[in-house]
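The values are calculated or read from the model by the stated rules, or taken from the named source; none is laboratory data. Just so you know, these numbers come straight off a predicted model, no measurement behind them. Cβ sites come from the backbone with ideal geometry, for glycine too, and all protein chains shown count toward neighbours.
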Amino acid sequence: MTTLDAPIAATPRATVATSAYVRTAPAPSLVPPLTSVGWLGRARAHLFANAVSTVLTILIVLLLVLIVPPVIDFLFVDAVWSGSDREACLPTAARPEVGACWAFIGDRFAYTIYGSYPIAERWRVDVFFGLLGFGTAWLLWLEAPRRDLGSIYFFAVLPVLTFVLLHGAPAIGLPVVDTALWGGMLVTIVVAAVGIVVSLPIGIVLALGRRSQMPAIRLLSTLFIEFVRGVPLITVLFMASVMLPLFLPETWSPDKLVRALVGIALFSSAYMAEVVRAGLQSMQKGQYDAAHALGLGYWQSLRFIILPQALKVTIPNIVNSYIALFKDTTLVFFVGIFDFLRTIEVARADPKWSTPVTSATGYIYAALVYFVFCYAMSRYAARIERRLAVGDRR
Amino acid sequence: MSTGGETAKRDGTGLAGTENPAVAITGLHKWFGEFRVLADINLEVARGERIVICGPSGSGKSTLLRCVNALEEFQRGEIVVDGLVLTKDVKRIDAIRRDVGMVFQHFNLFPHLTVLENCTLAPIVVRGTPKPQAEATAMALLARVKIPEQAAKYPNQLSGGQQQRVAIARALCMNPKLMMFDEPTSALDPEMVKEVLDTMVELALDGMTMLVVTHEMTFARQIASRIVFMDAGQIVEINAPEPFFSHPQHERTKLFLGQILR
């Protein structure tokens, strides 16, 4: 500003100075009213902008006052943190109000993680969790070195390691642990991971099949997708666990968990196919034209041009499907598999911990755990979306 | 794949490979359903020739271009590109597409790739060019279309004229024997038309064989070896620019020129 003043002031001043006042510096700008800046301004703009918003703000504050303190009391203030059986969490004359019975969760924690997996072998599950966490981080951390190796590890090495570790290999001294003993978070994670890892590639293939020029492929893909989408997951699970053995030779009767895995994978693939198809349909014809005109073949166009863009626009929906899938894993309960929720069901029915607050505590624990997983997926997706949006930025 | 293409080329002509016309179209017919879009098109484009195709909208100009690199199928007739007969064989189609560059009305750049990646993708993936070499070629061509400084940007960050020049560079990176332009300036703001036309003029002066669908008649007069006028799916008239503009032979040509040259 001051530099601009110089030339203006230099020439006209000599002639104008006698008749006019020339400002040599910009006037200070007015201070904004106190009520439009800072926390006061924000409060006015967002909470008390008009009558409706003021009423809503007051109602919400009242609601929070009504709800939050009792919840805090239940979860923390009145909660029982230690104890070895129900006596710890029973109301007594000295303590009529009993909050969450965290002692119960503490006591049954291992069961909700491992199910009935033999205690002596549980280190194998811990190693599995470690390997899975490592692989997931390698794959999801976009700046990680050698992510190509990471995906080989995740999609080829890890499944084999997992099978050897969890199921066992007597040849190398790992006794076989029957899947009937698996349970808790272990089963939930295995089911969800298989569903997540398998559904995307199969979903992509089905989506491409449904848009194929070849009538037979298109018909088969469409039939599969529509059939699976037309029945509830619980039906697919029952069919997988009851009907699958009928189709397969008796000697190769797959075990209960594998049947459920197949059911979940097929079900989520059909949904994923529709999600991916929506993405493929959002692509402009010009992108195909340009790719083909440059001499890229069908698969090259897909891999380098179409899928990166189509999957990018569908990331929110893909993650949405994954979150739904993670929660749907609880349905394996009905075909007799002890997933995380089922272990809590079993634990809360245990007479040793029978108290008025046991069920509530168990369900709060379950809700928290499911929430943490689903929220993490949602946050990660949001981050990826922001990162990939770079090409759309103007 | 490339060896297959070479063999086929020799099979296709038998003699004097270098004397092949760049494109030879004979008796081409195409229908969209019941509707005939191209009727008995015959056109031979010699190497180094610059053909401008004009005509009213819906006359089949773009469709004709899109038939040459098999973006559209045709039902009858024959197209031979540099001695290679265009068949439905996927390998043959890919071989022809590798040697035919195309620039579209709406640029059709790949929005998820940077300008440089747009240019290097096909050479790396299709031709197997090593990445450093592909990048050097791409940078040289981006310099030729005068936007080397935009190499790291994404297409959406560029103006329309810049995007179209990237599209030209992208096509040139495949070292094509023939360049086709499908109304390259129709989607541009008026002030950007010139920069794209200038690029195309330079390309023409360098001896590139070009097939251009355009309404830019000044450009046509300036660079065209011959001008093809199409109407209702047929070639009405082919002539050198000077007689084409001064003495159009057909009523339809006169009518069209009367409307377009105010």
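Do you know which residues across the range B:140-155 are in contact with a helix residue (DSSP H, G or I) (Cβ under 6 Å, 6 or more places away or on another chain) and either part of a helix (DSSP H, G or I) or within 14 Å of another protein chain (Cβ to nearest Cβ) (or both)?
Scanning the range B:140-155 gives B:L141, B:L142, B:P148, B:Q150, B:K153, B:Y154, B:P155.
Go over the candidates A:A293, A:A265, A:A324 one by one and state the one that is modelled with pLDDT of 95 or more and either touching a Gly at 6+ places or on another chain (Cβ under 8 Å) or surrounded by fewer than 19 Cβ atoms within 10 Å (Cβ to Cβ) (or both).
Sole residue among the options that is modelled with pLDDT of 95 or more and either touching a Gly at 6+ places or on another chain (Cβ under 8 Å) or surrounded by fewer than 19 Cβ atoms within 10 Å (Cβ to Cβ) (or both): A:A293.
Matching residues to (1) surrounded by fewer than 20 Cβ atoms within 10 Å (Cβ to Cβ); (2) touching a Phe, Trp or Tyr at 6+ places or on another chain (Cβ under 8 Å); (3) within 13 Å of another protein chain (Cβ to nearest Cβ):
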residue: B:N175; (1), (2), (3): yes, no, yes
residue: B:M192; (1), (2), (3): yes, no, no
residue: B:T209; (1), (2), (3): no, no, no
residue: B:H215; (1), (2), (3): yes, no, no
residue: B:Q222; (1), (2), (3): yes, no, no
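For the range A:105-139, what are the residues that are surrounded by 14 or more Cβ atoms within 10 Å (Cβ to Cβ), more than 13 Å from A:M185 (Cβ to Cβ) and under 23 Å from the mean Cα position of the chain (by Cα)?
Result: A:V127, A:L131, A:F134, A:G135, A:T136, A:W138, A:L139.
All but one of (1) in a helix (DSSP H, G or I); (2) modelled with pLDDT of 95 or more hold for B:A95, so report the exception by its number.
The single condition B:A95 does not satisfy is (2).
Kindly evaluate B:V52 against the criterion of being more than 12 Å from chain A (Cβ to nearest Cβ) and hydrophobic (A, V, I, L, M, F, W, C).
Against the criterion (more than 12 Å from chain A (Cβ to nearest Cβ) and hydrophobic (A, V, I, L, M, F, W, C)), B:V52 qualifies.
I'm trying to understand the selection: among the residues of the range A:282-310, which are touching a residue at least 12 places away in the same chain (Cβ under 8 Å) and of a type outside the set (F, W, Y)?
Correct list: A:S282, A:M283, A:Q287, A:A290, A:A291, A:S301, A:L302, A:I305, A:I306, A:L307, A:Q309, A:A310.
What number of residues in the range A:277-300 are closer than 30 Å to A:V332 by Cβ and either in a loop (DSSP other than H, G, I, E, B) or more than 14 Å from chain B (Cβ to nearest Cβ) (or both)?
Number satisfying all stated conditions: 2.
Tally the residues that are under 30 Å from B:P111 (Cα atoms) and among the β-branched types (V, I, T), restricting the search to the range A:345-394.
2
Need pairs with beta-carbon distance below 7 Å; first residue within 9 Å of chain A (Cβ to nearest Cβ) and within the range B:106-131, second among the aromatic types (F, W, Y) and part of a helix (DSSP H, G or I); sequence gap 6+ or separate chains.
Between residues of the range B:106-131 that are within 9 Å of chain A (Cβ to nearest Cβ) and residues that are among the aromatic types (F, W, Y) and part of a helix (DSSP H, G or I), the close pairs are B:L121/A:F304; B:V125/A:F304.
Under 8 Å between Cβ atoms, at least 6 apart or on separate chains: pull out the pairs that start in the range A:365-394 with a residue that is within 14 Å of chain B (Cβ to nearest Cβ) and end on any residue that is surrounded by fewer than 11 Cβ atoms within 10 Å (Cβ to Cβ) and modelled with pLDDT under 90.
Final answer for the pair search is A:I384/A:L142; A:R387/A:L142.
Identify the single condition in (1) within 14 Å of another protein chain (Cβ to nearest Cβ); (2) closer than 30 Å to B:R98 by Cα; (3) part of a helix (DSSP H, G or I) that A:T314 does not satisfy, given that it satisfies every other one.
(2)
I'm told B:Q133 meets every condition in (1) out of contact with any helix residue (DSSP H, G or I) (no Cβ under 9 Å at 6 or more places or on another chain); (2) in a helix (DSSP H, G or I) except one. Can you identify the failing condition by its number?
(1)
Can you tell me which of B:Q234, B:Q222, B:Q157 is modelled with pLDDT under 95 and within 13 Å of B:I53 (Cβ to Cβ)?
Checking each option against the conditions leaves just B:Q234.
Hey, does the range A:241-248 have a residue that's surrounded by 15 or more Cβ atoms within 10 Å (Cβ to Cβ) and either within 14 Å of chain B (Cβ to nearest Cβ) or under 29 Å from the mean Cα position of the chain (by Cα) (or both)?
Among the residues of the range A:241-248, at least one is surrounded by 15 or more Cβ atoms within 10 Å (Cβ to Cβ) and either within 14 Å of chain B (Cβ to nearest Cβ) or under 29 Å from the mean Cα position of the chain (by Cα) (or both), which makes the answer yes.
Please enumerate the residues belonging to the range A:96-108 that are of a type outside the set (A, V, I, L, M) and part of a helix (DSSP H, G or I).
A:W102, A:F104, A:G106, A:D107, A:R108, listed by residue number.
Please go through the range B:156-197 and give me each residue that is assigned to a helix (DSSP H, G or I), closer than 21 Å to A:G286 by Cβ and touching a Ser or Thr at 6+ places or on another chain (Cβ under 8 Å), ordered by number.
B:Q164, B:R165, B:I168, B:M192, B:V193, B:V196 - these are the residues of the range B:156-197 that are assigned to a helix (DSSP H, G or I), closer than 21 Å to A:G286 by Cβ and touching a Ser or Thr at 6+ places or on another chain (Cβ under 8 Å).
Quick check on A:L331: is it farther than 28 Å from B:A167 by Cβ and either in contact (Cβ under 8 Å) with a residue 40 or more places away in the chain or more than 10 Å from chain B (Cβ to nearest Cβ) (or both)?
It is true that A:L331 is farther than 28 Å from B:A167 by Cβ and either in contact (Cβ under 8 Å) with a residue 40 or more places away in the chain or more than 10 Å from chain B (Cβ to nearest Cβ) (or both).
Is at least one residue of the range A:266-276 within 14 Å of another protein chain (Cβ to nearest Cβ) and closer than 30 Å to B:R97 by Cβ?
No, there is no match, as no residue in the range A:266-276 is within 14 Å of another protein chain (Cβ to nearest Cβ) and closer than 30 Å to B:R97 by Cβ.
Out of the range B:205-242, which residues are of a type in the set (K, R) and part of a strand (DSSP E or B)?
B:R226, the sole residue that qualifies.
For the range A:25-66, which residues satisfy the criterion of being among the hydroxyl-bearing types (S, T, Y), surrounded by 11 or more Cβ atoms within 10 Å (Cβ to Cβ) and modelled with pLDDT of 85 or more?
A:S53, A:T54, A:T57 - these are the residues of the range A:25-66 that are among the hydroxyl-bearing types (S, T, Y), surrounded by 11 or more Cβ atoms within 10 Å (Cβ to Cβ) and modelled with pLDDT of 85 or more.
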